[in-house]
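So the structure is just underneath, and the comments pick up after that.
The values are calculated or read from the model by the stated rules, or taken from the named source; none is laboratory data. Since the structure is predicted, the reported quantities are computational estimates derived from the model, not experimental observations. Glycine also receives a Cβ, built like all others from the backbone with ideal geometry; neighbour counts cover every protein chain displayed.
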Amino acid sequence: MAYSEACDFLRVKPGDYVVIRDERRSKSAQSYWIGRVISCIGGARNATSWTLFQVINIDNGEIIIINADIVERILKSSES
């Protein structure tokens, strides 16, 4: 994975559509879902470095808070 792809979560902003790795499923079969970012939550050491995202699952409407590192990539930026 290229550096820019590995660090996509650093550029996430509220309103972005993102691909999220589903960690609730079994580890043998990777599963993904698409969510829209509602808000970004900064870390304790640097409030502008996102560590958590509040997202809405676009398939079922579930709103959850996820760790930033399970965001695989940005599908559509809020600026687009």
Counting only residues that are hydrophobic (A, V, I, L, M, F, W, C) and surrounded by 15 or more Cβ atoms within 10 Å (Cβ to Cβ), how many does region 57-80 have?
5
Is there any pair linking a residue in region 46-72 that is farther than 13 Å from W33 by Cβ to one that is loosely packed, with under 13 Cβ neighbours inside 10 Å and β-branched (V, I, T), with Cβ under 6 Å and at least six apart or on different chains, and which?
L52/I41; L52/I65; Q54/I65
Need at least 1 residues that are modelled with pLDDT of 95 or more and of a type outside the set (A, V, I, L, M) per element, so show me which strands (runs of 3 or more DSSP E) inside the chain make the cut, counting only ones lying wholly within it.
17-21, 32-42, 50-57
